[in-house]
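Let me begin by presenting the structure, written as structure tokens, before commenting on it.
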Amino acid sequence: MLDYDAVKETVFHYYQGYRDKDRERLEKAFSLEIANMMGYIRKEEGKLELFSMTMKEAIDEWVAPDYTPFECSDGITLKLDFFGDVGATVLFDFGDRYLESLQLAKIDGAWRIVNKFIVNP
């Protein structure tokens, strides 16, 4: 049996955790020991730049008192694919701001994001 609802719940924890600056929710969504984030973000001059960081670093930044989460519409899961019963990939539209590919693994019975690749269109 595939865990569509459980995977979507993990992605929801990530999305809401970011919007609410909720460390507990973010840490519930990611496998912090191994999770990374990389991708292309658009710089002020319009040029795409490749970056990489650990999710621990990203979460520390997102929940910092001086960080302001960007305004966005609701996030939408565009596609969800399973790799057996231990892996999944979610294509996620983060409020028309970023297109994200999230790779999840089932770790100790719970779905956790282990990799996040983003593109800022």
List pairs: first residue in the range 15-28 and among the aliphatic types (A, V, I, L, M), second residue surrounded by 15 or more Cβ atoms within 10 Å (Cβ to Cβ) anywhere in the structure, Cβ distance under 7 angstrom, at least six positions apart or on different chains. Leu26/Tyr14; Leu26/Gly17; Leu26/Tyr18; Leu26/Ile59; Leu26/Trp62
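If only one of Leu78, Leu99, Leu91 is closer than 16 Å to Tyr4 by Cβ and either of a type in the set (Lys, Arg) or touching a Phe, Trp or Tyr at 6+ places or on another chain (Cβ under 9 Å) (or both), which one is it?
Testing whether each residue is closer than 16 Å to Tyr4 by Cβ and either of a type in the set (Lys, Arg) or touching a Phe, Trp or Tyr at 6+ places or on another chain (Cβ under 9 Å) (or both) leaves just Leu78.
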Could you run through the range 67-95 and say how many residues are free of Cβ contacts under 8 Å to residues at least 12 places away in the same chain and not in a loop (DSSP other than H, G, I, E, B)? 2
Can you tell which of Lys106, Lys43 is more than 14 Å from the chain's Cα centre (by Cα), crowded, with 17+ Cβ neighbours inside 10 Å and of a type in the set (D, E, K, R)? Lys106
Residue pairs within 7 Å by beta carbon, gap of at least six or interchain, first lying in the range 96-110 and within 17 Å of Leu48 (Cβ to Cβ), second part of a strand (DSSP E or B) and acidic (Asp, Glu), listed first then second, are Leu99/Asp93
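Values in this text are rule-based calculations from the coordinates and carry no lab data. Because the structure is predicted, anything quoted here is derived from the model rather than measured. Using ideal geometry, Cβ is built from the backbone for each residue, glycine included, and neighbour counts are taken over all protein chains shown.
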